[in-house]
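These notes are about the structure you will find just below.
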Amino acid sequence: MSMELTLSRPTTRRKVKVLVAKIGLDGHDRGAKVIARALRDAGFEVVYTGLRQTVDQVVAAAIQEDVDIIGVNQHEGSHVYIARKLLEKLREYGADDIPVVMGGSIPVVDLDVLKNIGVREVFLPGTPINEIVDKLLRIAEERRSRREV
Amino acid sequence: MKEWFGAKKPRSLWLRFHVQTAGCSLYPQQPWLNIVRTALEALAAVLGGCQSLHTNAFDEPFRVPSEFAAKIALRTQQIIAYETGVADVIDPLAGSYFVEWLTDEMEERAWRYIERIESLGGMLEAVKKGYPQREVEEAAYRFQREVEEGRRFIVGVNIFKEEDVEEVRRVPLLEFNQEEVERRQKERVRKVRSMRDEARWRRALDELRGAAERGDNIMPYVLNAVKAYATIGEIMGVLKDVYGTYVEPPYY
């Protein structure tokens, strides 16, 4: 068993793949694009959905692209509603092992609400990019090791 | 306008402009400070001679503004208009060495952009190639790096910071129930659909489609469709059918 495990581990690991998603009518993409760019520079593979996607489109893209993490950026105040719908849809498609993280104009007072729904990590405004990179690496790493076992 | 586009009417030569204070300059940290930022930006706009001005509300880094925040934004303009006296003079900063120099500098750099865009085949082509988008993103990324590396100061964000959970809690954010808003809007659309003149509505959309296919000016047809109570979704649907949907060029 242990030999198989060693053999199944690739020598060069696949890049961490993140889906950066904009859901709904919110057109503020400055933050999402800064993040996408920063993650790319940090060696991630980034898929950006573009503006005005539906929850269904995002779930389909995440499954199709086999991403390690879904990152949702919200700026108009509907983050709790969107998070609920997204996590529900992921469960429906049996893809709820893909961790969802969120960022954007999320007031600190909504932090616990989002975490309780099942959002893995919430990056509040002012979070340094390096911290986001580190946390995403850790989350992706955890998920991959869980999948390999 | 005269040399490039051959404009003849004096009206076409007017430079009339609208200014909106910068959304990206609003921060959720110590959110009240946004009122000050917006006031300074609005004053700069008026000193620069704008004819029309929009001031952002201080709570916009969180969501759509509350009435309270929107009113402060409006009152900010009214203070500039009625208390400061800057609106009594056409160009209050005329003759300022620094401002004149800055204007020349802006003009020169704007020309560089205009020439670059022309060399790409005009703005439409440039957008298709992702040039202006990349420039904006590049600037946003550079700005963010400068803030994070402490090369650019933002009060309350990377200097004079405070632990402000309680302060954010005190911001009276606009409360709305997403599901309720959705239900209400669906109900309104249903009502409009049931009371409109079906034949007139269909004709208006058909005529819009025809105009779009011919490449005519669609504006009169859009107006006609609106008057026939076509919804924005229906109008967009027709145009999407004819033109297709814009897909952002991917860069990552």
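The values are calculated or read from the model by the stated rules, or taken from the named source; none is laboratory data. Just so you know, these numbers come straight off a predicted model, no measurement behind them. All Cβ positions, even for glycine, are placed from backbone atoms using ideal geometry, and neighbour counts span all protein chains on display. Keep in mind that these areas ignore ligands, DNA and RNA; they rest on the heavy atoms of the full protein, side chains included. Shrake-Rupley method; radii C 1.70, N 1.55, O 1.52, S 1.80 Å.
Taking a point 7 Å from the Cα of residue B:232 along the Cα-to-Cβ direction, the residues of the range A:20-41 with backbone N closer than 13 Å to it are A:25-27.
With the helix formula -39500 (n - 2.57) applied to DSSP H stretches of n ≥ 4, chain A reaches a computed 222 nm mean residue ellipticity of -14500 deg cm²/dmol. Legend: residues in the range A:89-125 shielded by at least 20 square angstrom of accessible surface upon adding the remaining protein chains to the isolated chain (1.4 Å probe, heavy atoms) are A:105, A:107, A:108, A:109, A:125. Counting only protein heavy atoms and a 1.4 Å probe, tell me what percentage of the range B:161-237's accessible area is made up of carbon and sulfur. The value for the range B:161-237 is 52 percent carbon and sulfur by accessible area. Surface burial for B against A, with a 1.4 Å probe and both sides summed, reaches about 2400 Å² of accessible area.
Any idea what % of Cα-Cα pairs in chain B are farther than 33 Å? Cα-Cα pairs of chain B separated by over 33 Å account for 46 percent. Summary value for chain A: 23 percent relative contact order, contacts being C-alpha pairs under 8 angstrom separated by 6+ residues. When B:8, A:89 are compared by accessible area of protein heavy atoms, the largest-first order is B:8, A:89, using a 1.4 Å probe. Solvent exposure of the range B:178-243, expressed per residue, is 73 Å² of accessible area, with all protein chains present and a 1.4 angstrom probe. Placing a label point 7 Å from the Cα of residue B:93 along the Cα-to-Cβ line, the residues of the range B:8-36 whose backbone N sits under 19 Å from it are B:15-23, B:25, B:36.
On the principal axes of its alpha-carbon atoms, the protein assembly as shown has extents of 84, 62, 48 Å, going from largest to smallest.
Taking only C-alpha pairs under 8 Å that are 6+ residues apart, what is the relative contact order of the range B:178-243 in percent? Mind showing how you got there, number by number?
Details: 39 pairs, mean separation 23.1, N = 66.
Contact order relative to length: 35 percent.
Once the partner protein chains are put back, the range B:46-73 shows a loss of at least 50 square angstrom of accessible area, versus the chain by itself, at B:62, B:63 (probe 1.4 Å, ligands and nucleic acids excluded). Calculate the FRET efficiency for residue B:24 and residue B:200 from the Cβ-Cβ distance with a Förster distance of 30 Å, rounded to the nearest 0.05. Efficiency for this residue pair is about 0.10. The range A:92-133 and the range B:204-252 have Cα centres separated by 37 Å. If you plug the beta carbon distance of residue B:180 and residue A:60 into 1/(1 + (r/R0)^6) with R0 = 35 Å, you get a FRET efficiency near 0.80. Computed over the alpha carbons of the range B:122-198, Rg followed by Dmax gives 22.9, 62 Å. Computed with the Debye formula from one identical point scatterer per Cα of the range B:1-114, without solvent, the log10 of I(q)/I(0) at q = 0.20, 0.23 Å⁻¹ comes to -1.12, -1.25. Note on chain A: percent of Cα-Cα distances in each 5 Å bin, starting at 0 and stopping at the bin with the largest distance, equals 2, 9, 20, 23, 21, 13, 6, 4, 2, 1, 0.
Computed from the Cα positions only, the extents of the range B:178-243 along the three principal axes stand at 41, 24, 16 Å, in decreasing order. Computed per residue of chain B from DSSP H runs no shorter than four, each worth -39500 (n - 2.57), the mean residue ellipticity at 222 nm is -17500 deg cm²/dmol.
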